[in-house]
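The values are calculated or read from the model by the stated rules, or taken from the named source; none is laboratory data. Predicted, not measured: the structure shown is a model, and the values here were computed from it. Positions of Cβ are generated from backbone atoms using ideal geometry, with glycine treated the same way; all protein chains shown enter the neighbour counts. Calculation scope for accessible area: heavy atoms of the full protein, side chains included, ligands and nucleic acids excluded. Shrake-Rupley method; radii C 1.70, N 1.55, O 1.52, S 1.80 Å.
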Amino acid sequence: MEAKTPALVVRPDEAGGATLSNGGFELLADGGAVSASRLSLTNGADGAPPHHHKLSHELFYVLGGTMLFRLGDTLTTVGKGGLVVIPPGLTHVFGAAEGEGADVFVVLSPGIERFGYFEQLAAISRGEVDFDSLIPEQDRYDVHFEKLPNWRSAPQNP
């Protein structure tokens, strides 16, 4: 049986990119069944601010280095080869572990067009626009921000 939609093939020179002040994104697929990106973070750098998704699961596969995640009230580290799947509604935040960089493959499913979000997040990280510019876009990108000061010092649950 023939598929109704064609397969998506993204070659290395076709990926979009967004440079962060502390790393960068390769934007591979946007919308449809999945949104996919590769995120590289420098030593101890934070990723996205604390948030949750109402619609999408978010999957992280650590390609290199060590990531630190706060998943609800749980703080955990995940090294190369580790996988984290976050269900809709769970508040989370992530970054490279202290003293380490990280390289991670990220998939959101179902996909929501988020390239604009990543580009805006990159501009915020470089100081070109204010974070508040993302607040009106939370529903559009299914990224709903939470206030979690000092997220890296959350209590570790057994």
>> I'd like the full set of residues that are charged (D, E, K, R) and more than 21 Å from E26 (Cβ to Cβ), limited to the stretch 91-111.
In response: E98
>> Just to verify a result, which residue in the stretch 1-41, among those that are of a type in the set (S, T, Y) and touching a Ser or Thr at 6+ places or on another chain (Cβ under 9 Å), is farthest from G65 (Cα to Cα)?
In response: S35
>> Restricting to the stretch 55-70, name every residue that is farther than 19 Å from A36 by Cα and either assigned to a loop (DSSP other than H, G, I, E, B) or touching a Pro at 6+ places or on another chain (Cβ under 8 Å) (or both).
In response: R70
> In the stretch 104-145, what residues are under 17 Å from K54 (Cβ atoms), part of a loop (DSSP other than H, G, I, E, B) and open to solvent by 70 Å² or more (accessible area, probe 1.4 Å)?
Replying inline: E113
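Condition check ((1) within 21 Å of A122 (Cβ to Cβ); (2) open to solvent by 10 Å² or more (accessible area, probe 1.4 Å)) across all residues:
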{"position": "S40", "(1), (2)": "yes, yes"}
{"position": "F60", "(1), (2)": "yes, no"}
{"position": "G64", "(1), (2)": "yes, yes"}
{"position": "L71", "(1), (2)": "no, yes"}
{"position": "V78", "(1), (2)": "no, yes"}
{"position": "G81", "(1), (2)": "no, yes"}
{"position": "T91", "(1), (2)": "no, yes"}
>> Against the condition under 20 Å from S56 (Cα atoms) and of a type in the set (G, A, S), how does G116 come out, does it pass?
In response: yes
> Hey, among G99, G127, G116, G79, which residue is in contact with a Gly (Cβ under 9 Å, 6 or more places away or on another chain) and either touching a residue at least 60 places away in the same chain (Cβ under 8 Å) or on the phi < 0 side of the Ramachandran plot (or both)?
Replying inline: G79
> Taking the stretch 6-22, which residues are without any contact (Cβ under 8 Å) to a residue 40 or more places away in the chain and assigned to a strand (DSSP E or B)?
Replying inline: G17
